[in-house]
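Working notes for the structure below.
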Amino acid sequence: MGPGGIISLFTLEELDLPDDIAATAFAMNVMSSEGVLVLNPGHVDPGFRGPLTVRIINIRATPKALVFGTPIFTVIFERLPKPTRRGYRANKPRTEREIAFEATDVEQNPKTLLGLLNAGDERPLMTPQEVDRRIMKHWVTLTVLIFSAFATVLAFAAAIFAAIALLPKQKTEPPVLNRSMPRFSAKPSAPVFVAPTPSASPTKP
């Protein structure tokens, strides 16, 4: 059993309590001194028959081997003043109990202290898989944000160019000359001299 490991097991010994005998199981101190925490099975009802189930947690920093047949707790028996009329009646054969218990144990119970701490919603620790998942989620979110910002800039630029293209274009026409105004040549014309015509002499009679 590795550090922080949790195992469930059945006791090798079996109890067969009559209806006037109750029992209480206590973990042995020698186990806790070795760094192994044996959860207390607690009260055993009168009329119970079969092995006890127990969960063991390795609170050491190193692995711990459990040898078959190692004592793990002490049972104290108590005689009742008279037999109970409602004794334990859910007794099943050992094999049937083991199969049912193992199915529940595999499905519901954590196998390590880390799994136990991370079983609730407010988990103080994260598994390596969850760390990897959160890192991947962070980078995916950042990449999507960058691409979204880039797409927004491109869309804004496209909208500006489209607005410029839709603006009405003003046609520039050459100035129109006023036809009523006289035109003057840029170069002055040469003066024109007219030769005087000799007047005819009067005819004498």
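When you count the other C-beta atoms within 10 angstrom of each residue and take the mean per peptide, 155-166, 8-19, 50-61, 66-77 line up highest first as 50-61, 8-19, 66-77, 155-166. In units of the rule-of-thumb radius 2.2 N^0.38 Å, region 20-76 shows an alpha carbon radius of gyration of 1.25. Distance between the pseudo-spin-label points of S148 and E14 (7 Å out from Cα toward the beta carbon): 6.4 nm. The simple spin-label model puts a point 7 Å past each Cα toward its Cβ; for F77 and D45 those points are separated by 2.0 nm. Can you give the FRET efficiency for K92 and K137, using 1/(1 + (r/R0)^6), R0 = 41 Å, r = Cβ-Cβ distance, to the nearest 0.05? Efficiency, rounded to the nearest 0.05: 0.30.
Quick note: the coordinates plus some simple rules give every number you see, no bench work behind them. Please read these numbers as outputs of a predicted model, since none were measured by experiment. Cβ atoms come from the backbone with ideal geometry, glycine included; neighbour counts cover every protein chain shown.
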